[in-house]
Structure formats: structure tokens, C-alpha cells
Amino acid sequence: MAKKLNPDGLPEDVPSMLPKKKTDLFRDLDITSDEGRNLQNVPEEPPTRVARGKMGEQPVADPFLHSSSEPKTRIALGARKSVQPPKSALQQETAADVPSDPVVGWVVIIHGPGEGRGLQLGAGQNTLGRGEKARVRINFGDDEISRDTHAILTYDPKHNKFYIQPGVGVNLTYLGDEPVLTAAPLSHGDKIVLGSTTLRFIAFCDESFIWAD
């Protein structure tokens with residue numbers, strides 16, 4: 001007579017050597033015991049992916065299969081500082097040439113280096129030269145102009161009149177075509193020549209206007 005086989009395909013009197021299923025393990029355990037309860041409540045580990053690289057295989061958690069509860073960090077970027085371009089040497093020089101007292105007139109370069117620029121005149125003596133000590137600095141590339149005092153333009157507020165006189169250097173100053181050897185009256189529109197530079201004198205204070213004290 002043929003022997004009956006168990007579900008594993010072995011005779012009934014032969015014990016099964018196959019591993020039991022998880023459900024069979026639970027059935028054999030007393031679920032009222034701590035061991036049975038802990039085995040049933042064991043959470044499954046999240047699936048992992050393998051990142052392949054030059055350093056070998058490293059298991060990494062799949063971010064798409066479970067979400068993280070960690071809060072996101074925001075980085076506040078500071079405002080960019082506005083960077084101003086540095087002033088040119090010409091801008092730095094002309095910025096210091098403007099007298100702080102009220103304007104009484106101007107000299108405008110109509111020929112030579114710096115053509116088209118206007119320089120402000122103030123009350124009293126206005127020394128014309130290339131150097132920093134000159135009250136009206138004409139430093140646009142004409143080396144024939146004396147450094148400190150090539151000429152002096154004076155405004156007399158008491159009598160509301162202008163004058164021109166030579167400086168202390170060896171270079172001459174011309175009023176029109178005539179050399180300035182002593183103080184001479186200066187009229188609106190007169191041309192003044194210093195080296196290779198020609199200036200035109202523009203009077204602001206005249207018979208129609210004068211600064212009040």
C-alpha cells in the first residue's frame with residue numbers, strides 16, 4: 001500500500017526539513033506571549049536602492065518611496081552691495097576745483113586741452129594754475145601753464161569789478177593779443193591765453209546783479 005504524502009511531498013512519518021512560512025511560525029507561537037507580539041509587530045525595513053559608483057556599491061534609501069519629516073532649511077541671501085565705479089583722475093581733480101563761495105563768473109576753455117570745460121570763479125583773488133594750490137586748477141594736459149600761479153583773476157565785490165594780473169611764474173599771460181604785465185580791467189567776453197590754452201571770461205556779477213551781504 002502506498003504511503004500518504006504530506007503537503008511537502010514527503011511521507012507523513014518523515015518530518016519536513018523545509019523552513020516554515022511566517023504564518024506557520026505565528027501559528028506555532030503563543031501570540032499572548034511577548035515574543036509572539038513582538039514578532040507580529042516587527043515593521044518591515046524600507047526598500048533600498050544601490051548606487052553604483054567608482055568607490056563600489058553603497059545602499060541608499062530611496063527618497064521617492066518614503067517622505068522625510070525633517071523640516072527644510074532656507075538660506076537667506078544678503079542684498080548685493082551696489083558697487084560704484086571709481087572716479088577717474090580727471091573727475092577727482094575737477095571735483096576739488098569748485099569754490100565753496102558763491103559763483104561770480106566763469107572761465108571757459110574754448111581752445112586747447114580740456115576744450116569745452118567751464119571753471120568757476122569766486123570773490124577775491126582766483127589763482128590760475130596746474131597745481132593743487134591753485135584756486136582755479138587748469139590741469140588738462142597743457143604743460144605750458146604754470147603749476148601754482150600762472151595768472152590771477154580778481155573780483156572786487158565792493159566795486160563789482162573784475163581784474164586780471166600776471167602770476168609769479170616765467171610764462172606770460174595774454175589778454176587778447178597783448179601780454180598782461182600789470183593789473184588790467186577784465187570785461188565780459190574777453191579772451192585769455194595761458195600757454196596753449198585759450199579761455200573766455202564770463203561775468204555773472206555785473207550791473208544787473210550782485211550778491212548781497
What order do you get for 176-188, 158-170 when each peptide is scored by the mean count of other beta carbon atoms within 10 Å, highest first? 158-170, 176-188
Could you give log10 I(q)/I(0) at q = 0.16, 0.19 Å⁻¹ for segment 97-203, computed by the Debye formula over C-alpha point scatterers of equal weight, without solvent? -0.60, -0.88
Full extension between T198 and N171 adds, at 0.36 nm per residue less the Cα distance, a length in nm of 8.3 nm
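Any read-out appearing in this document is the output of simple, stated calculations on the displayed coordinates, not a laboratory observation. What you are looking at is a predicted structure, and each value in this text was computed from that prediction instead of being measured. All Cβ positions, glycine included, derive from the backbone under ideal geometry; neighbour counts span all protein chains shown.
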